Amino acid sequence: MVKILNGKKLAQQLNEHTAQRVANLKAKGIVPGLAVVLVGEDPASMIYTRNKARQADKLGFKSILKKMPSTVTQDELLATIRQLNADPCIHGILVQEPLPDQINQSAVIETISPEKDVDGFNPINVGKLYANDGRHFPVACTPRGVMTMLEQYQIPVAGKDVVIIGRSRLVGKPLQALMINQNATVTMLHHASTDAEYYLKHADIVVVGIGKANFLHASDIKNGAVVIDVGINRDEQGHLVGDVDFDDVSSVASAITPVPGGVGPMTIATLMQQTVDLAEWSNQ
Ligand code: GUN
């Protein structure tokens with residue numbers, strides 16, 4: 001029988017733990033502060049940022065949802081980030097992507113102070129992830145959430161063959177580093193990969209996040225593989241679906257994440273966890 005990895009339940013547990021840490025910080029006079037910056041009116045981004053700010057409020061954070069028009073200039077956006085960098089009540093800053101064309105995304109990411117970079121996108125933090133030298137640093141929330149899920153379900157990664165489909169800066173690349181740091185053998189597949197079938201068939205753990213509904217089928221994977229679905233798509237009826245043909249793959253996999261209720265809730269819970277990490281680290 002396939003095991004369903006319940007991200008919703010795990011996220012609730014993680015949030016309970018985070019709430020406890022918030023209470024401990026408040027006893028010392030510290031309130032974790034999260035600033036979410038939304039540029040423009042992308043419908044998905046509006047929902048995501050509202051959910052992030054709401055969850056932060058629920059956990060007792062100070063939360064700011066800063067909305068800026070899609071016509072905002074680069075200078076105006078960077079000035080806002082610098083203000084948040086200088087605000088001692090704010091421990092985590094997140095600028096929701098995608099950003100409009102006039103904005104240089106790298107400049108935005110590099111302007112966020114590495115100590116407040118709750119997304120873990122700043123090159124300083126990406127470098128620390130690769131250095132893996134025991135220092136504290138924030139990591140992209142979705143990959144960190146995936147690692148938490150595997151750990152909580154006691155699915156070991158050390159020595160395992162892991163295939164990650166998709167090499168995005170938000171998911172694939174940081175997940176590769178996290179997996180390597182935990183002694184997995186990692187293969188990255190992307191649109192130009194040859195022999196993708198071969199690597200997939202040998203993988204103990206498959207992570208897919210490319211934004212294509214029903215991309216992964218039972219015939220693609222090894223018997224008993226663990227399948228993590230990072231995809232978020234809408235089907236013809238408007239339902240939320242992942243990149244994995246869930247029913248088909250469930251007949252072969254040993255464990256699988258559903259969409260919705262899998263990786264998604266873990267991402268927001270990890271964002272909250274990481275805001276509290278940053279608040280704790282800044283007060284050490
Ligand atoms: N857009 C989609 N996912 C993310 C994320 O994790 N962080 C930011 N900043 N923007 C996103």
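The values are calculated or read from the model by the stated rules, or taken from the named source; none is laboratory data. A quick note: this is a predicted structure, and the numbers were derived from the prediction, not measured. Note that we place each Cβ from the backbone using ideal geometry, even for glycine, and neighbour counts take in every protein chain shown.
Details
- Hey, K58 surrounded by fewer than 20 Cβ atoms within 10 Å (Cβ to Cβ), of a type in the set (D, E, K, R), more than 15 Å from the ligand (Cβ to nearest atom) and farther than 23 Å from Q284 by Cα or not: yes
- Taking (1) aliphatic (A, V, I, L, M); (2) at pLDDT 95 or above; (3) within 13 Å of P98 (Cα to Cα) in turn, V36 satisfies each apart from (3).
- When region 53-88 is filtered for residues that are touching a Ser or Thr at 6+ places or on another chain (Cβ under 8 Å) and touching a residue at least 12 places away in the same chain (Cβ under 8 Å), the ones remaining, listed by number, are A53, A56, L59, F61, L65, K66, M68, L78, I81, R82, N85.
- Qualifying residue in region 127-142 (condition: part of a loop (DSSP other than H, G, I, E, B), within 26 Å of D204 (Cβ to Cβ), of a type outside the set (S, T, N, Q) and within 12 Å of the ligand (Cβ to nearest atom)): yes
- Taken over region 143-164, the criterion of being surrounded by 22 or more Cβ atoms within 10 Å (Cβ to Cβ), within 16 Å of the ligand (Cβ to nearest atom) and either of a type in the set (V, I, T) or part of a strand (DSSP E or B) (or both) is satisfied by V146 alone.
- Checking region 75-85 against the condition returns no match, with no residue being closer than 13 Å to P138 by Cβ, in contact with a strand residue (DSSP E or B) (Cβ under 6 Å, 6 or more places away or on another chain) and surrounded by 14 or more Cβ atoms within 10 Å (Cβ to Cβ).
- Residue satisfying all of: in region 14-28; in contact with a helix residue (DSSP H, G or I) (Cβ under 8 Å, 6 or more places away or on another chain) and more than 11 Å from L59 (Cα to Cα); surrounded by the most Cβ atoms within 10 Å (Cβ to Cβ) among these: L14
- Positions within region 66-97 being farther than 16 Å from I112 by Cα and either among the aliphatic types (A, V, I, L, M) or within 15 Å of the ligand (Cβ to nearest atom) (or both), in sequence order: K67, M68, V72
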